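Values quoted throughout were computed directly from the atomic coordinates according to the rules given, and no laboratory measurement underlies them. These figures come from a predicted structure and were not determined experimentally. Positions of Cβ are backbone-derived with ideal geometry, glycine not excepted, and every protein chain shown enters the neighbour counts.
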């Protein structure tokens, strides 16, 4: 049995939470998974809470997933996208958020292109902050739902070998995943071209491998990340085609391994680049389970944070 | 802490048998009736009633489920600490069924209010009845009354009623705990 409450008021990153918190989130997510599979998928727990989803960066899955989680907990939801707001007129982050808070918002779910935006906000405003991705820093709910999906598929995360393949340099998913999986007792490896692996990543205690086949032969789970072309200011590899040949996961590679591994992807998928369609849609892929679990895990996070209102 | 035993030994067994016979009187063979124990402590009572009914009616087809009400409570964020949720196990359809909600102690009625909400998320039952082992009468916050009562007790708010079950505490008994009165 996990502890009775979270050790934190905000969820800014995996770095700020502990093993007990993760176990409590997973246990609560189990209950919410049951809720979202009922004929009536809604519970009234957060009916007196207002949550603002503030997205300074594009998102489909995360935003939808958070919004569904909030609505299934009966919270009131306001949405805000930077592209259609006064941010484009020059308003600062604090001003924007303070204005939203003046409308009596209890919790803020924020995605921002700069690392540390969530931490900064949590020091200046009263509402509880949930980080939905800050720059190339952290994306804690994604890491939680990835680990939760591994736990569901393989029974436990402890002792499992997970390789994260692709654009580690620009990925917040990679950092949060590494921290979360290690805390739960998994072994983590990163794999990708030298240019996309940060120089000091080994200091986090992960293995580094540049050969995809070797990495796949080692692992139980492969988490294939997207090449984040929008964040790549210079060329990190000659062409997408060459990347796909060296680091793309296809059916042939998968079938030639001596064991059956689990394939994950945080989405959105660039089909034919990091993963081919037949792999993404195969029975070894748990990509859609990840999306389903995303709602349950986010419900758990919001519920547990809301319970420590003071 | 002063303890007074309200129910134990043979009387405890007789009470459960009597409640089962009352249920049979109204629901005959339980073809359209299901038992739902309220998590966490009502489930022990529901298990016992289910076992007893199965023996009396010599059948294995009586349906029983467990219902968790954590997310439907009305004191979320108003009370210190978090109540951890338990599992729901209702693997049958509630729609159109007669449901017997089962809990160990009825006090303010708020748990039952939440249980009715939680239950309706599974469909629209034809009828819902309430069975409790102990009814702390005259202490309701809501207009809720049980249909089947093991025993009624009169006690004040500072007193606690504790039900123990053979399955989890080794003995079937109900005790009333009260703080000794301090002389002024």
How much mean residue ellipticity at 222 nm does chain A get from its helices, if each DSSP H run of length 4 or more adds -39500 (n - 2.57) and you divide by all residues, to the nearest 500 deg cm²/dmol? -11500 deg cm²/dmol
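What is the range A:140-287's relative contact order, in percent, from Cα pairs under 8 angstrom and six or more apart in sequence? Present the calculation step by step, with values, prior to reporting the outcome.
Working: 251 pairs, mean separation 34.9, N = 148.
About 24 percent, as a whole number.
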Nitroxide proxy distance, nm - points 7 Å out along Cα→Cβ at residue A:282 and residue A:210: 2.6
Once you keep just the Cα pairs under 8 angstrom separated by 6 or more residues, what percentage relative contact order results for chain A? 20
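Residue separation times 0.36 nm, minus the C-alpha to C-alpha distance between residue A:74 and residue A:7: what's the value? Provide the component values of the computation, followed by the final result.
Values: separation 67, 0.36 × 67 = 24.12 nm, distance 2.43 nm.
Extending this stretch completely gives an extra 21.7 nm.
Taking a ≥ b ≥ c as the square roots of the Cα gyration tensor eigenvalues, with a/c under 1.5 meaning rounded and otherwise prolate when a/b beats b/c, else oblate, which class fits the protein assembly as shown?
Working: a/c = 2.54, a/b = 1.86, b/c = 1.37.
Prolate shape, in that a/c is at least 1.5 and a/b is the bigger ratio.
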With Cα coordinates, the longest principal axis of chain A makes an angle with the long axis of helix A:287-307, in degrees rounded to 10, of 30
Residues of the range A:284-310 with the amide nitrogen closer than 12 Å to a label point 7 Å from the Cα of residue A:34, along Cα-to-Cβ, please. none
What percent does the relative contact order of the range B:33-182 come to when contacts are Cα pairs within less than 8 Å and at least six residues apart? 20
Taking the alpha-carbon centroid of each part, what is the distance from the range B:118-184 to the range B:1-67 in angstrom? 14
So what's the angle, to the nearest 10 degrees on a 0 to 90 scale, between helix B:42-57 and the longest Cα principal axis of chain B? 50
From the square roots a ≥ b ≥ c of the eigenvalues of the alpha-carbon gyration tensor of the range A:156-271, which class results: rounded (a/c under 1.5), prolate (a/b over b/c), or oblate? oblate
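What 222 nm value per residue comes from the helices of chain B, counting each DSSP H run with n ≥ 4 as -39,500 (n - 2.57) and dividing by all residues, nearest 500 deg cm²/dmol?
Working: 4 runs with 50 residues, N = 184.
Only helices count here, giving -8500 deg cm²/dmol.
Fully extended, how many nm does the chain gain between residue B:120 and residue B:169 (0.36 nm per residue separation, minus their Cα-Cα distance)? Walk me through the intermediate numbers first.
Working: separation 49, 0.36 × 49 = 17.64 nm, distance 3.21 nm.
The span from residue B:120 to residue B:169 would gain 14.4 nm if fully extended.
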Cβ density ranking, 10 Å radius, fewest first, applied to A:254, A:46 yields A:254, A:46
Angle in degrees between helix A:140-154 and the longest Cα principal axis of chain A, rounded to the nearest 10: 60
In nm, to one decimal, how far is the modelled label at residue B:3 from the one at residue A:125, with both set 7 Å along Cα→Cβ? 5.4
